[in-house]
1. Output the antiparallel fraction of DSSP beta bridges having both residues in region 132-251, as a percent to the nearest 5.
2. Looking at the chain, what % of the alpha carbon pairs are farther apart than 22 Å?
3. Which one, 84, 63, 184, has the greatest fluctuation when you compute a Gaussian network model over the chain with C-alpha springs under 10 angstrom?
4. Using the eigenvalues of the Cα gyration tensor, what equivalent ellipsoid semi-axes result for region 140-190 when each is taken as the square root of five times the eigenvalue, whole Å, largest first?
5. Looking at region 2-249 only, what percent of DSSP beta bridges run antiparallel? Nearest 5 please.
6. If you build a Gaussian network model of the chain, linking Cα atoms that sit under 10 Å apart, which residue out of 131, 235, 197 swings the most?
7. Among 207, 129, 185, determine the one that fluctuates most according to a GNM of the chain built with springs between C-alpha atoms less than 10 Å apart.
8. Test of understanding: express the Cα radius of gyration of region 1-142 as a ratio to 2.2 N^0.38 Å, with N the residue count.
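Derivation of every value follows stated rules applied to the coordinates shown; laboratory data play no part. All figures in this text were calculated on a predicted structure; none of them were measured in a lab.
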Ligand SMILES: [Zn+2]
């Protein structure tokens, strides 16, 4: 998988088969996500998931699909309908953007994706808390690797997620995308409960929000969780080889 340096925002790529990928969010900047997908040689986006409808997650969506095949486009939101960029991107691919819920099945080659949040019939009224949370299982030659993508969920949604999905804390997760760019309001409950071996933070260098917050960084250090950040590494790839997880800057 890879975390693209999209500045202050999210853009995540999980390879499915050669030239194909699941893309989760497309950053705020049209160029950054497109460039990253070029570097990763992604020609076909099997599914593009916009976790929630804030610009730092969907701003690059139109360019991300230009010149690439797109098979499905999903979004989660507390709003009535998606913004123009999202409907345009879907229309350009001859698709309709589909609202994601915990009963949505993403049919992808090689990898398994479960939508854990939003759960049930009620979507949280706060947009960050309406973020789609995806549990991704990637097979590797030795074992399956689990990846939890949390969008920008905040503490209250994180607590509800852990209560709704006890298997997360019981089974743990190998790799966790820290929620909300490491903002304080993302809380530490998820990382404490699931004890990942690697945490990922997507955040702009010298951003105006003070992300990531020292409370989050301190918790990661206290728990001895290795952390990879886009503001420090730029775009990077994560590969699991045997028992080790290798993080490499994408050049
Ligand atoms: Zn965000």
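1. Working: 12 of 21 bridges.
Among the beta bridges of region 132-251, antiparallel pairing accounts for roughly 55 percent.
2. Above the 22 Å cut-off, the chain has 49 percent of its Cα pairs.
3. Residue with maximal mean-square fluctuation among 84, 63, 184: 84.
4. Semi-axes, largest first: 22, 14, 7 Å.
5. Working: 27 of 48 bridges.
If we restrict to bridges inside region 2-249, about 55 percent are antiparallel.
6. 197
7. 207
8. Details: Rg = 13.9 Å, N = 142, 2.2 N^0.38 = 14.5 Å.
It is 0.96.
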